Amino acid sequence: MGKNIVAGIAILFLASSPLAAQESSPFQKPAPGPERAKLAFLVGTFTTETHVMPSPMSPNGGVGNGTSVATWGLDSMFLMIGEHSVNQVFGNYKGHGLLGFDRRDGKYVLSMFNNFGDSPQYRGNFNGDTLTLMTKVEFPGGSFDQKLVWFKEKNTIRLKIFNDMGEGFTLTIDEISTPSTNIMK
C-alpha cells in the first residue's frame, strides 16, 4: 500500500512538472499592450461606401458598396480584417488582412491579401488618432508608393488610400465605413 502511495505521488509530480515548466518558461506569450487598444476603433461589422477617384486608369472613377468585418484573432494579438465590395472599377473585390503591432521595430503592420493576387505589407504608426501605413506596390514594369490613412469621423471610420506614382501622393480611394449588423458573406 505504501508503494502505491509513493508511486501515485511520483506520477502526480511528474505529470505536473511540465505545467510548472510552462508557467516559468522564458517564452511566455505577451499580453496585448496599449498599442492594441489604439486599434479598437476598427473593430466591428460595417457597411462600406467606396469612392474610387478618377485617374488615367479609370477616367470616370466609380462608387461601390460592400462590407467590412474586423475582429480580434490569435488570442487578441491581431485584428483580422475581411473586406468584400463591388464597384465599377474593381468589380467584385475581396480582401483579408491581419493588422498588429511589431514590438521589435515599434510599428503597426498590416498584411493584406486579395482576390487579385496582391499581398502588400504596410508599416506605420499613429499620429494622434490617425493610423498611417505605407508600402511600395510592385507591378510589372514598375512600382509606386501607397499610403493608407485610417481615422474615426463621428460615427464612421474613414480609410483614405493615396498613391504616389512619382509626382506626390494623390487620393485614389476614399472609403466610408458605417457600423452595421449585416454579416459579410
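Values computed for the structure shown
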{"item": "For the range 110-185, fraction of C-alpha pairs farther apart than 13 Å, in %", "result": "73 percent"}
{"item": "The range 34-179: mean projected area of Cα convex hull, nm²", "result": "9.1 nm²"}
{"item": "Sorted by Cβ density within 10 Å, fewest first, the residues 133, 74", "result": "74, 133"}
{"item": "Nearest-20 debye value, the range 34-179 charge dipole, Cβ charges on Lys, Arg, Asp, Glu", "result": "320 debye"}
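Bear in mind these aren't lab numbers, they're just calculated from the coordinates by the rules spelled out. Model, not experiment: these values are computed from the prediction. Counting neighbours? That spans all protein chains shown, and the Cβs are built from the backbone with ideal geometry, glycine included.
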